[in-house]
Amino acid sequence: MIDQTTLNRIFDTVDIVDVIQDFISLKKRGANYTACCPFHDEKTPSFSVSQSKGIFKCFGCGKAGNAVTFVQLHENISYVEALRYVAKKYGIEINERELTPEEQRQNDDRESILTALAYAQQQFAKNLSETDEGKSIGLSYFKERGFSPATINKFQLGYSMRALSSFSKQALADGYKKEFLLKAGLCYEREQTSELIDFYAGRVIFPIHSVTGRIIAFGGRTLSTEKNTAKYKNSPESDVYVKNKTLYGLFFSKTAIVKKQKCYLVEGYTDVISMYQAGIDNVVASCGTSLTVEQAKLIRRFSPEVVLMYDGDSAGIHASLRGIDILLEEGLTVKIILFPDNEDPDSFARKHSITEIETFINEKEQDFIVFKTNLLLSESKNDPAKKARIIGDVVQSISVIPDNITRMIYLKECAKMFDADENTLVEEIKRARAKKYYGKEYADIKPLITEKKRQAGITHASDDNCDEQEKELTYFLLKHGSHPLFENLHGSIDTVAQYIIGELKKDDISLQNECYKQIFDEYESLVKQNVDFSIKHFINNINRQIAEFAVNIISDEYELSEIWKRFGSNISPEEDELKRTIPRAITVYKIKLLSQTINKFTTELNSSIAESNDEKAILITKKIMELNQIRKILSETLKRVTS
């Protein structure tokens with residue numbers, strides 16, 4: 001962990017304009033700098049950088065932060081890695097706390113594996129370009145695939161010599177330990193002799209990179225025509241490589257994916273390379289595995305939309321179907337492109353110009369519901385039973401979409417395409433979601449419970465979310481925390497922060513939103529320690545949510561909630577209004593918390609009535625009445641102070 005002294009040096013030294021200009025071009029406009037946002041497509045610049053405040057803010061997509069968070073977002077690396085990048089830029093030595101022996105051993109092992117893999121890539125590349133065998137076999141193969149020298153160098157392609165221990169012997173001679181060559185999956189031991197045998201002997205090599213560009217694994221393709229020889233051999237999983245969490249080509253494509261907000265997903269290494277070389281640079285592959293949830297989450301970090309590009313044969317079609325629901329469930333917009341028979345992204349890219357490829361993509365790209373519906377309908381041959389199963393299949397896909405609005409839009413489209421009753425599909429989706437999240441038994445009995453409650457005149461109380469009120473209080477804390485507010489019982493003046501924290505502590509209230517709770521807890525801790533700090537402490541926070549919230553406040557982008565519009569349109573959040581606005585904000589928050597608790601008890605009451613548990617129902621009713629009385633008093637107080 002980087003110590004606080006080093007963190008302070010980094011943030012005291014860093015010039016945000018200097019850092020950001022390493023990645024994008026900024027133009028001076030008044031006191032600030034502007035550019036087109038690197039995180040979403042736009043023609044009119046909405047990305048602003050304040051050199052004096054040390055922050056950036058995009059008023060289009062909402063991304064905000066400091067120099068370190070910019071590097072973190074742009075390069076999609078961890079906060080600590082971004083800190084190291086900035087520190088290195090300014091020649092600041094990183095001081096980290098002393099690791100435990102176990103942590104140090106794990107770090108050393110991991111670094112040793114990565115070092116061995118980097119060495120292997122250099123050797124494979126050297127074989128390809130400097131040996132007769134590598135040139136005649138490996139390089140010839142890559143040239144036949146149409147890969148240019150620049151592409152070969154960019155993707156760091158290579159060749160492993162046919163001699164079974166060629167690499168292993170050289171690595172040992174160069175001082176690499178047998179333990180880490182084995183852990184890296186570069187070789188294996190012969191049981192009888194313990195001799196090291198090269199894992200990729202006689203294969204062309206495709207290095208697999210981490211998001212930050214380090215070699216973490218290899219894919220090796222055989223050029224042999226023997227039937228018993230596996231076409232591809234991939235690195236076994238290790239401390240640095242987990243196949244189902246890795247996307248081939250992401251290191252090279254991530255910037256284009258973020259910029260274009262679209263990711264093309266293909267099947268193989270050569271598909272990625274050929275498409276990239278042709279000019280489609282926002283492309284990745286799933287490393288030879290069926291698409292996984294972890295890979296879908298990884299795509300979602302970079303883009304909201306994914307386009308599946310698969311062969312037009314039966315295997316390609318079914319591969320696309322398997323991946324659709326996984327991607328939809330992660331909230332991604334999913335489209336599909338199928339290539340003509342006997343074509344795949346690799347062969348198609350090699351035969352066509354970038355203009356032809358883009359035209360093909362624009363013409364053939366289908367939304368998942370259109371693709372799936374047309375495909376399944378073509379197989380049903382107007383059989384009503386099969387058509388019903390198809391509707392169920394499409395509804396199942398729609399049901400996994402997490403966003404309600406998106407789900408309803410697709411449902412309407414589905415009803416239109418199948419000429420089906422929309423209300424019936426709504427019920428099917430509810431049932432499918434209940435089965436998924438609560439189990440089949442719950443889904444089957446839930447409609448019966450709902451009907452019994454309806455007959456008894458019981459309605460389910462809605463949940464109350466306190467995010468808006470907690471955001472309000474956090475805003476006042478960060479924006480005006482040190483401002484004097486009220487005289488306390490001891491004759492001294494409480495600040496805004498002391499008053500808010502005291503009011504919440506008095507009723508033993510803890511914030512529910514984790515981001516706002518962290519801000520409150522940290523603020524309270526700093527006040528107790530009598531530490532001198534400013535809002536920059538939170539702008540430079542390792543938690544991106546906290547940093548963005550603080551940046552929005554300092555950027556004057558925060559607006560008070562609708563409560564003030566309803567109770568007093570002339571109320572201003574400026575410091576001379578704090579004596580009125582802050583007590584109101586706390587009262588509103590307490591009312592909302594009471595409503596939340598009452599709703600929970602109402603849910604319990606409904607269950608008790610449904611179970612005919614009269615004794616429990618009476619106790620809960622009394623509790624609800626008590627809470628309603630307290631809420632009424634607070635509501636009357638609120639009306640008085642806002643009149």
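Throughout, read-outs are computed from the coordinates displayed, never taken from laboratory work. Note that this is a predicted model, so its numbers are computed, not measured. Because the Cβ atoms are built from the backbone with ideal geometry, glycine has one as well, and the counts that use them run over all protein chains shown.
Side notes on the structure shown:
- For segment 194-207, the Karplus equation 6.51 cos²θ - 1.76 cosθ + 1.60, evaluated at θ = phi - 60°, returns couplings of 6, 6, 7, 10, 5, 5, 10, 3, x, 10, 7, 10, 10, x Hz by residue, with Gly and Pro reported as x.
- Sparsely packed trypsin sites (Lys or Arg not before Pro) within segment 33-133, loop by DSSP, other Cβ within 10 Å at most 12: LYS43, ARG97
- Most to least packed among 389-399, 301-311 [average Cβ atoms within 10 Å]: 301-311, 389-399
- DSSP-defined antiparallel bridges as percent of all bridges, segment 292-413, nearest 5: 25 percent
- Rounded to 10°, Cα long-axis angle of helix 79-89 versus longest principal axis of the chain: 70 degrees
- Selection from GLN170, GLY138, ILE92, by position along the positive dipole direction of the chain (Cβ): GLY138
- Sum of side-chain charges, ALA420 neighbourhood, beta-carbon under 10 Å (Lys, Arg +1; Asp, Glu -1): -2
- Gap separating the Cα centres of segment 357-408 and segment 48-75, nearest whole Å: 39 Å
- For the chain, calculated [θ]222 nm from helices alone, where every DSSP H run of n ≥ 4 adds -39500 (n - 2.57): -17500 deg cm²/dmol
- Qualifying GluC sites (Glu not before Pro) in segment 573-633, where qualification requires a DSSP coil assignment and no more than 11 other C-beta atoms within 10 Å, comprise GLU574, GLU611.
- Across the options ALA31, GLY62, LEU114, the greatest Cα extent toward the positive end of the charge dipole of segment 1-142 (unit charges at beta carbon of Lys, Arg, Asp, Glu) belongs to ALA31.
- Highest to lowest packing among 270-276, 425-431, scored as the average C-beta count within 10 Å: 270-276, 425-431
- Helix axis angle, 544-554 relative to the chain longest principal axis, alpha carbon, degrees: 50 degrees
- Gyration tensor (Cα) of segment 101-241, equivalent ellipsoid semi-axes in angstrom: 25, 18, 13
- Rounded tilt (10° steps) of 293-302 against the dominant C-alpha axis of the chain: 80 degrees
- Which listed pairs, of LYS259/LYS351; LYS335/LYS372; LYS335/LYS412; LYS143/LYS351, have C-alpha distances above 20 Å, in listed order: LYS259/LYS351
- In the set (i) -0.84, -1.30, -1.37; (ii) -0.78, -1.12, -1.23; (iii) -0.65, -1.09, -1.23, the label that goes with log10 I(q)/I(0) by the Debye sum over Cα atoms at q = 0.08, 0.11, 0.12 Å⁻¹ computed for this structure is (i).
- Links that overshoot a 20 Å alpha carbon limit, given the list LYS243/LYS435; LYS88/LYS254; LYS471/LYS579; LYS43/LYS260: LYS243/LYS435; LYS88/LYS254
- Unpaired by the 4.7 Å Cβ criterion, cysteines found in the chain: CYS36, CYS61, CYS187, CYS263, CYS287, CYS414, CYS466, CYS515
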